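Asks: Below you will find the structure I want to go over with you.
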Amino acid sequence: MARLRAVLFDIDDTLFSTTHFARVARKNAIWAMIRAGLDVTEEEALRELEEVISEFSSNYAHHFDQLLRRLRQPTIEERNPALIVAAGVAAYHDTKFRQLEPFPDVCPLLEALRAAGIQVGILTHGWTTKQAEKIVRLGLLDCVHPKAVFISEQIGISKPNPKLYAQALADLELAPGEVMYVGDNPTHDIAPPQSLGMIAVWAKRAAKDGLEGTGIEPDHVVENFDELRTILRETYEIAV
């Protein structure tokens with residue numbers, strides 16, 4: 001077995017629960033929009049918003065504008081709809097300021113890896129600005145190597161294309177067997193790096209998709225990063 005020299009992490013639903021955060025932030029946004037004059041129940045607005053997100057993708061920039069168009073409320077005409085949208089946007093971002101944080105065991109492990117001489121990095125799928133903001137807001141800047149951050153839009157290659165992982169290996173000048181990747185999505189985070197010979201760890205605590213029916217077999221499966229710490233110590237002889 002090659003000596004492990006780097007560990008790269010996915011962000012969403014791996015370092016923090018994106019799903020839980022999004023649910024809370026969207027709910028806070030709807031409450032704010034209702035207070036600003038949106039005359040619907042919270043349940044109706046959330047249900048419609050989920051449809052908007054499903055149809056336009058989570059990276060779309062005008063979810064709340066589309067929500068107002070779909071609801072077609074005559075009462076909105078009595079107000080400036082831009083203020084209702086702004087209320088939702090402000091509440092969503094306020095939630096980011098207050099509640100966006102990593103799982104409690106993330107930073108201790110990343111710091112221990114760096115102290116052990118292991119290169120720590122991020123390889124994530126998404127828009128450059130949004131993913132970079134998450135790294136900053138999660139307080140991970142001091143935990144990761146500045147040259148080991150790979151964002152799909154910035155590189156021009158999306159998951160699950162293995163070329164994204166190959167580019168990271170090339171930039172780090174490391175062999176596949178020297179790098180571990182940790183992620184939550186079997187088809188995006190396990191199969192592609194494994195196809196190159198990287199060590200793939202399935203972090204399942206916030207995963208939306210399971211392994212059943214995929215034929216994918218991670219090298220390791222962990223519920224939390226304390227379990228990952230044990231694997232690193234006992235299997236790869238890294239003092240974390």
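Asks: Looking only at residues in the range 185-240 that are of a type in the set (Phe, Trp, Tyr) and under 30 Å from Arg23 (Cβ atoms), which one is surrounded by the fewest Cβ atoms within 10 Å (Cβ to Cβ)?
Replies: Trp202
Asks: Return yes when Pro193 is outside the structural domain of Arg23 (by TED's automatic domain parsing) and closer than 21 Å to Ala6 by Cβ and no when it is not.
Replies: So Pro193 fits the description; yes.
Asks: When you check Asp209 against the structure, is it under 29 Å from Pro104 (Cβ atoms), among the acidic types (Asp, Glu) and not assigned by TED's automatic domain parsing to the domain that holds Tyr60, yes or no?
Replies: Yes; evaluated as a whole, the condition is true for this residue.
Asks: Checking Ile53 against (1) surrounded by fewer than 18 Cβ atoms within 10 Å (Cβ to Cβ); (2) hydrophobic (A, V, I, L, M, F, W, C); (3) part of a strand (DSSP E or B), only one condition comes out false. Which one?
Replies: For Ile53, the exception is condition (3).
The values are calculated or read from the model by the stated rules, or taken from the named source; none is laboratory data. Owing to the predicted nature of the structure, the values given are computational and were not obtained by experimental measurement. Glycine gets a Cβ as well: all are built from the backbone with ideal geometry, and neighbour counts include every protein chain shown.
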